[in-house]
1. Give the stretch 97-129 a look and list any residue that's without any contact (Cβ under 8 Å) to a residue 24 or more places away in the chain, of a type in the set (A, V, I, L, M, F, W, C) and over 23 Å from residue 187 (Cβ atoms), or say none.
2. Across the stretch 157-196, what is the number of residues that are assigned to a loop (DSSP other than H, G, I, E, B), over 15 Å from residue 142 (Cα atoms) and in contact (Cβ under 8 Å) with a residue 12 or more places away in the chain?
3. In the stretch 297-327, which residue that is aliphatic (A, V, I, L, M) and either in the same structural domain as residue 160 (by TED's automatic domain parsing) or in contact with a Lys or Arg (Cβ under 8 Å, 6 or more places away or on another chain) (or both) is surrounded by the fewest Cβ atoms within 10 Å (Cβ to Cβ)?
4. Only residues that are of a type outside the set (S, T, N, Q) and out of contact with any Phe, Trp or Tyr (no Cβ under 6 Å at 6 or more places or on another chain): list them for the stretch 304-318, please.
5. Could you list, in sequence order, all residues of the stretch 126-145 that are touching a Gly at 6+ places or on another chain (Cβ under 7 Å) and either outside any loop (DSSP other than H, G, I, E, B) or surrounded by fewer than 24 Cβ atoms within 10 Å (Cβ to Cβ) (or both)?
6. Mind counting the residues in the stretch 295-306 that are under 11 Å from residue 278 (Cβ atoms) and without any contact (Cβ under 8 Å) to a residue 40 or more places away in the chain?
7. Taking the conditions exactly as written (of a type outside the set (Asp, Glu), closer than 26 Å to residue 96 by Cβ, outside any strand (DSSP E or B) and touching a strand residue (DSSP E or B) at 6+ places or on another chain (Cβ under 7 Å)), does residue 308 satisfy them or not?
Amino acid sequence: MNRRELLKGIGAAGFGSIFPLAKTLSAEEKAEVLQAPSTCFLTPQATEGPFYFDPNLIRQDITLDTTTNVIKTGLPLQLLITVINPDCAPIPNVLVDIWHCDKDGVYSGYPGQPGGINTVGQTFLRGTQMTDANGQCSFKTIYPGWYPGRVTHIHFKVRLTSTTYVTSQFAFPDSVNTAVYRTPLYAAKGQNALTNATDNIFRNPNPENLVLAITPNAATGGYDGAFTIGINVPTRVGEAETENPEEFSLRQNPPNPFNPMTTISYHLPGARKVQLVVYDVFGREVAKLIEGEQSAGMHEVAFDASHLSSGFYLYTLRAGSFAVTKEMLLMN
């Protein structure tokens, strides 16, 4: 099954989100983010940038390149990310991706960068964490460098599901950039001629709600940074699922997220030939759990994903003319 068909199946049946929201944003809709220490207000998202890819790197320390086992050097930066809704309520159990360049202005995973550098296959300075009950997650990284045409920044993506997310990037105070680029680790490249005001994305000396709150850390010799992402999505938990004996149904798998075991339940109003298949987000089949005749009533299937990598997966139930797809998240 291809990705288009899977996503169509989700839309037609009603999205079985891993996080039961009263409303979800589509990937194409305008997303909004927020950065405010004491009040909650929304600001438009910024562009994703050209250097995103999804390696499903579930890790807090993103300084290591998992291909070469080289740790990127730079001034230590401890990041605390908080995800909230417009009422300032924390949003737990969402994935936060961050990615940025190294001290020399180079991203992992891409060819044709300044100086002809090719980092295809490398994963440094990229990672994903899930927010806790307080809507928070943290990353250990380094202070980014800069590259021609852009001011210092870090990209982020908040993933509610594999197709519903918000994307933006945050800047650093100009004064901190200047101080950092005078230090021995960064001085060879010199100062960036651009500032937040002259950057083609931020275009403001202090872009509202898109500047990292940052303080020196005497213990590490680097910095601590805090950033709040406000998502215009309610967090009301949906009503419990019930089965009508005259209807088909496919339940959301518990637990979700899971590692590595979960249970998929569904209801058949009558005897049917049933197929239950798990796909990755590209539509590639990764497991066929059921194929054959089954009687009417509730059915449960255990799914062991210990052979799979972390990420979003889709499971599809087909029974006669009935077909529905839901989504689950493996965190190993």
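1. 120
2. 11
3. Initially, the stretch 297-327 is screened for residues aliphatic (A, V, I, L, M), giving 298, 301-302, 305, 308, 314, 317, 319, 323-324.
So of that shortlist, the ones also either in the same structural domain as residue 160 (by TED's automatic domain parsing) or in contact with a Lys or Arg (Cβ under 8 Å, 6 or more places away or on another chain) (or both) come out as 314, 319.
On the way: 314: 25, 319: 22.
Looking at the filtered set, the residue picked out is 319.
4. Once the filter is applied, which keeps residues that are of a type outside the set (S, T, N, Q) and out of contact with any Phe, Trp or Tyr (no Cβ under 6 Å at 6 or more places or on another chain), the stretch 304-318 yields 304, 305, 307, 308, 311, 312, 313, 315, 318.
5. 139, 142, 145
6. Summing the residues that are under 11 Å from residue 278 (Cβ atoms) and without any contact (Cβ under 8 Å) to a residue 40 or more places away in the chain in the stretch 295-306 gives 1.
7. Values: of a type outside the set (Asp, Glu): yes; closer than 26 Å to residue 96 by Cβ: yes; outside any strand (DSSP E or B): yes; touching a strand residue (DSSP E or B) at 6+ places or on another chain (Cβ under 7 Å): yes.
The answer is yes for residue 308.
Residues checked against (1) of a type in the set (Lys, Arg); (2) closer than 18 Å to residue 223 by Cβ; (3) in contact with an Asp or Glu (Cβ under 8 Å, 6 or more places away or on another chain):
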| site | (1), (2), (3) |
| --- | --- |
| 74 | no, yes, yes |
| 92 | no, no, yes |
| 98 | no, yes, no |
| 104 | no, no, no |
| 125 | no, yes, yes |
| 135 | no, no, no |
| 138 | no, yes, no |
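The values are calculated or read from the model by the stated rules, or taken from the named source; none is laboratory data. The structure displayed is predicted, hence computed values, not measured ones. Here Cβ is always computed from backbone atoms with ideal geometry, including for glycine, and neighbour counts include all displayed protein chains.
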